[in-house]
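Below is one structure; the comments refer to it alone.
Read the figures in this text as sums done on the coordinates, not as results from a lab. Keep in mind that this is a model prediction, so the values were computed, not measured. All Cβ positions, glycine included, derive from the backbone under ideal geometry; neighbour counts span all protein chains shown.
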Amino acid sequence: MSSSTPAFLNRSFTFIGALGAILIFAAILYVAYLPNRAERVDAAVIAERQAKADEARASSIAKLNGFALVNKEAGTVRIPIELAKELTLHNYTVDESATAVAPAEAANLELE
């Protein structure tokens, strides 16, 4: 039994020493590198791309939720998507004998 005690102590000290070395390395890395990171070189490019993406998203949402005249000669208009969904469901559920409701007629748009 006395011969197994030094082997156990050697393994324990080796494990504790290795764990301590890893923790010391992590502490040095944190103190030396992480707080002193430089600003990204492409931060301006990222900000510009984000601004363009936000602008495109806003214009897309405006198109989905607004009215607009697309082609006056053809009588094509843009209506909000929720209204289009309601009209489409109405047209599919209406009787076969009744006439379908056109989106431009249903919205009663005053387009110039």
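Amide H contacts of LEU69: ARG78, each under 5 Å away and 5 or more positions distant or on a separate chain (H built 1.01 Å from N in the peptide plane; Pro and chain starts excluded). Once the Cα-Cα distance is subtracted from the 0.36 nm per residue extended length, the ASN71 to PHE15 segment shows a gain of 12.4 nm. A crude spin-label estimate for the pair GLU55 and ILE81, with each label 7 Å from Cα along the Cβ direction, gives 2.2 nm. Of the GluC sites (Glu not before Pro) in the range 9-91, the ones in a loop by DSSP (not H, G, I, E or B) with at most 14 other beta carbons within 10 Å are GLU39, GLU73.
On a full-extension model of 0.36 nm per residue, what is the gain between LEU34 and VAL94, subtracting their alpha-carbon distance, rounded to one decimal in nm?
Numbers: separation 60, 0.36 × 60 = 21.60 nm, distance 6.54 nm.
Answer, rounded to one decimal: 15.1 nm.
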